Structure formats: structure tokens, C-alpha cells
């Protein structure tokens, strides 16, 4: 199989649309998204009974049973041989500081201004008088002629690292990707690179603007059980202790080392930057509660009428953060209504729309509700390593993570705008709603690297992440947005992410219709959209399709 790079792709899509839009069955399917039913599903998925949809917990069973029952009722076939589930082996590690983080006479309070976890499957793990070394942004990127670890030996030491990357820090479009965060700016890369360099520990300095979220997200996301794929799946070294500290504590730490934090941040951007020993040591001991468990991806397929081996993949994660018991003995549940009960329900209702066509499209449509996205995209990463469909048979992926509930828009925001030719199909589908595609307003937040589509994009599969917009459809929708937008932002990864009857439901429905038609156009086409020239994933796709 080879990729067709068709320079007239938009014209071909348009030619097809003239036929498809006249199809009464398509129009009926397009209009089949029922607000009342969608609300009911989101409300159920985000109810207390589901206990925050934690992998391997009570909520998993309720969620996966619901998905399987619905897919079966819609006539979809099992997507993993004769099974609707794909078992994902996981290791759950709950790290509890047995001692605080000790650096000189500084006081650190868990989780108020520091958090610490470990990926190591040891019941007790510690750093003992581990030398601290400031390594700037902690990046080794030959393609950007950047190496913060040049001429320094950090084996057995603990590195102190800045969040994001030099492009964001300088806003220089010639440095990395300017304001747009690269994968080198993500926390997971920084821990991985520290491990590759032989470090024993790593401390990331949290700052709200370059991290794109507040310390409250660190508190809620980095305490309690952390899920990981088994070491054999990851095949990457890991440091002993992964830590974050607040900006206030970072300033105090550098002052204790006789250095000014602001000046050291500036130095980290200099061409002559050299990793700097801080002449301090860090000690901490963690107790790890380790459990092996199995969670599940749910996969179902509507077989294509002419090319059943070619698949359009819809993906969304069903999991959220679970629950915990507070100091007063009360169970606090992270119900995750927006993130991602909306996308989970969306999978079921797009499947329903395809069923309403009456006849399956030419290519197969596969739905993958994946687990443990909140724990580092574990379900999608496992799927990418053990695909139930050969990756070269996936025409394209449409990911749904936190659908737009802030009101109907005139535009469509594309995360990672310009990366792939899938945008041609999205653009054509958007015309029906009078919408145009726009780039994300905050590329510095690195959203393209933070959800499940990235797991397959890294392998070369063209993957689309889009939704929402910046221009409301009318004043009424804008009023909804003004009321809801701040609440949604405030409740990201917080217990207040609850079902809200006052959300902008017309915006959510429009988004589902948009994704439905985008996939339908792909399914009826004979084209194989690729990554655009110059994107980091194109070589992988080209090699895959040879």
C-alpha cells in the first residue's frame, strides 16, 4: 500500500460532497444527535456511582460495560479479534514521602509546595545527599543544536529543571518553535532525559504560565496512585524520584545556593550555558505501595462495505482521576464530566450516527475508548505498541478529549494547526456549519502532546485534534461562553468538574456533527492523507507505507 499525495484533494472532497450531501440517509444521520440522550449519557458517566472512572476500579467496570453494551446494540463488531476489550497491563504506584524533601534547612510541605513520586517498583526508595545540579531546561535536542547536558556528569545526582522550552521563554520564532511548545517542553520528556543521562532524581520548577496550569493541578494529579505501563512496555530508563517544587520554593533554593533564580533562568538561555552545580544536596525517602493491575481499552468496529481493511479511527479516553478520602473522612470524587465524559459519550453517539446511515461507508469505522490517559496516555500508548489494526491500515485518527461546552462557534480551533492533510477533510465538513479552521491561540501549552492522538502520531499515524473556537456564533452563545468558560478552566482536574445543565450544548452537538462528517468524508474517499512536509511525524508515516 502506498500513500497518495493528491494536490487536488480539496477539489476531490468537494466533488464527493456534492453527492453525499444530497443523500437523505446522510442528512438524517447528521441530524440524529439527540441532545437529551447525550446529556443523559454524560450525566451517568460523571455520576458519583462511577467514582471518578479510575482505571481498574468500580468506575472502570461500569464505564466499559456501558460502552460495550451500546456498541453491541448498534451492531458494531468486536474490535480486538472476538473481544470488545484490549487488556492493558499496568503498575499502580502510590508514593508517600516517608520523610520530607530535605535541602539544607529549607522546609518543604507535601503537597503544598512539593510533590514526589517514583516509577520504580521498589517498596522503599530514597535519595541520600544527592548533589543538585541546575541543567537549565534539561533538553538534549541535536536538531535544535541544543544540549543542556553538554560536558556535565549527572550520574547519581539530582537535576533541577525549568519547565517548557527556550522558544517559549524567549518568544523567538527562530528558537525551537517559538511560542509553540515542543515535546522537549513537556514534563515527561524532562524526566526521561534525566534518566537517560544517569540522574537519580529530577526536580521540575513549576511556573503557571510556562506550565499552562496552576499548582492545584500538580496537587491533584501527582498525589495518590500513579499508573504506569510495565517496564518492558516502556523500554526506557527511569530516575528514582520525580519531583516538582513551587516557584516560591525554587527561589528559596537558589538563594540558599547563593544564586538568583531570575538570573539563572536568563543564563539557561545563553549560548554558553553550562550546567551548574548548586553545592547543595537533596535527601528524601519514599514508601511505594505497588499493585499490578489490568485495565481495558474498549474497541468496536463498523466494517466498511468496500474496503473493510482500511480504518478511520475515533478515539477518546474514558478514564478520569478517581477519588480520595480527605482529612475529615469524606470521599472526594473527581467526576470528570467535561474531561472526558463528553468525549466518551461522543464516541457512542457518533457510532449511533453511522448506524443511522443505513449502509456502512466504504471504509471501516473503528472506535477506541482508551484507558489511563490521565496517567500518561497509557491506554493509547499500549494500543500504539499492540495495535488491533495494523497502523498502516489506519487512514487517520480523530481524537475527542473534552468536547466544547462553551457555546457554538463560527470557527474551529485545530491543535497543531498545519501538521496534517486531515485538516482538508475537517475544513470541508466545517463548511456545512459555516465555520473556518483557525490555529490554537495558546500553542505554548503544548496541547498536541498531551492527549491520546499523540501516542499514534509518534508512530506516524495522521492524527487530528480539534474543537471549540474563539468566535461565538451569536450573542446568545457568547453569553453562555462568558458564563461557562471560566468555570471549565477553573475545574480542570478538580473535583468541581461536574455535569452542568447550563453548558453550551449546541456547541457540543455541532462538534460531534463536525467530527462525524469529517470521518465520513475520509471513509468514502480513496485518498490516504499524510503529514505535511516538515512535520516531525512524516518520515515515520512514509516509511510505514512503503
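At-a-glance table
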item: Criterion violated by residue 324 - all others in (1) at pLDDT 95 or above; (2) under 30 Å from residue 406 (Cβ atoms) satisfied; result: (1)
item: Single unsatisfied condition, residue 408 versus (1) in contact with a helix residue (DSSP H, G or I) (Cβ under 6 Å, 6 or more places away or on another chain); (2) surrounded by 19 or more Cβ atoms within 10 Å (Cβ to Cβ); (3) under 30 Å from residue 59 (Cα atoms); result: (3)
item: Filter result (assigned to a loop (DSSP other than H, G, I, E, B) and in contact with a helix residue (DSSP H, G or I) (Cβ under 7 Å, 6 or more places away or on another chain)) within the stretch 183-199; result: 186
item: Only one of 211, 194 that is in contact (Cβ under 8 Å) with a residue 12 or more places away in the chain and either within 13 Å of residue 243 (Cα to Cα) or not assigned by TED's automatic domain parsing to the domain that holds residue 114 (or both); result: 194
item: Hits in the stretch 293-329 - residues which are touching a strand residue (DSSP E or B) at 6+ places or on another chain (Cβ under 6 Å) and loosely packed, with under 14 Cβ neighbours inside 10 Å; result: 294, 325, 326
item: Residues of the stretch 156-179 classified as surrounded by fewer than 18 Cβ atoms within 10 Å (Cβ to Cβ), touching a strand residue (DSSP E or B) at 6+ places or on another chain (Cβ under 9 Å) and on the phi < 0 side of the Ramachandran plot, total; result: 1
item: Residue within the stretch 494-501 that is buried (at least 22 other Cβ atoms within 10 Å of the Cβ), assigned by TED's automatic domain parsing to the domain that holds residue 403, within 22 Å of residue 38 (Cα to Cα) and in contact with a helix residue (DSSP H, G or I) (Cβ under 9 Å, 6 or more places away or on another chain) present; result: yes
item: Any hit, the stretch 137-144, residues being assigned to a loop (DSSP other than H, G, I, E, B), in the same structural domain as residue 97 (by TED's automatic domain parsing) and over 30 Å from residue 536 (Cα atoms); result: no
item: Listing of helices (runs of 4 or more DSSP H) fully contained in the stretch 1-85 that carry 1 or more residues being at pLDDT 95 or above and more than 22 Å from residue 514 (Cβ to Cβ); result: 35-45, 58-73
item: Selection within the stretch 255-294 - without any contact (Cβ under 8 Å) to a residue 40 or more places away in the chain, within 34 Å of the chain's Cα centre (by Cα) and not in a helix (DSSP H, G or I); result: 270, 271
item: Matching residues, the stretch 519-546, being out of contact with any strand residue (DSSP E or B) (no Cβ under 6 Å at 6 or more places or on another chain) and either farther than 19 Å from residue 425 by Cα or in a helix (DSSP H, G or I) (or both); result: 520, 521, 524, 534, 536, 539, 540, 542, 543, 544, 545, 546
item: Residue 344 at pLDDT 95 or above, within 13 Å of the chain's Cα centre (by Cα) and under 17 Å from residue 71 (Cβ atoms); result: no
item: Helices (runs of 4 or more DSSP H) contained entirely in the stretch 358-472, each with at least 1 residues that are without any contact (Cβ under 8 Å) to a residue 12 or more places away in the chain; result: 422-431
item: Top-ranked residue in the stretch 106-143 [being free of Cβ contacts under 8 Å to residues at least 24 places away in the same chain and more than 29 Å from residue 91 (Cα to Cα); ranked as surrounded by the most Cβ atoms within 10 Å (Cβ to Cβ)]; result: 107
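The values are calculated or read from the model by the stated rules, or taken from the named source; none is laboratory data. Quick caveat: nothing in here was measured; it's all calculated off a predicted structure. Quick reminder, even Gly has a Cβ in these numbers, built from the backbone with ideal geometry, and neighbours come from all protein chains shown.
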